[in-house]
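Read the structure below first, then the notes.
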Amino acid sequence: MEKDLAEVERHPEAVIPVERTEGAILLVSGKKDRIWPSTAMSNQIVNRLEEKGFENYYQHIVFESGHSSVLWNRTCWRTVFSFLNDNFM
């Protein structure tokens, strides 16, 4: 899958236009995720937001753990709930 990420420019139709989002964006990833390359994909999203001059708030939280560990991490959930409260309440 990481090989496919390197070829994203060859397939622009596969890119989601995240810069059109009309609100805040929170990305959560784990560096040791063996299910999907969540950190690499989230970094691509952040890069796209920066390149397109995205004006809303966005945040990428990276954990050193894998997929399941991120889901069970209390710091992660506190951050998620804080983000939701700050941006959508």
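Miscellaneous remarks
- Of all residues in the range 6-21 being exposed (fewer than 13 other Cβ atoms within 10 Å of the Cβ) and under 22 Å from Asn87 (Cβ atoms), the one that is farthest from the chain's Cα centre (by Cα): Arg20
- Filtering Val15, Val8, Val28 for residues that are aliphatic (A, V, I, L, M) and in contact with a strand residue (DSSP E or B) (Cβ under 7 Å, 6 or more places away or on another chain) leaves a single hit, Val28.
We did not get these values from a lab; they are worked out from the coordinates using the rules stated. Just so it is clear, the model here is predicted, and its values are computed rather than measured. Here Cβ is always computed from backbone atoms with ideal geometry, including for glycine, and neighbour counts include all displayed protein chains.
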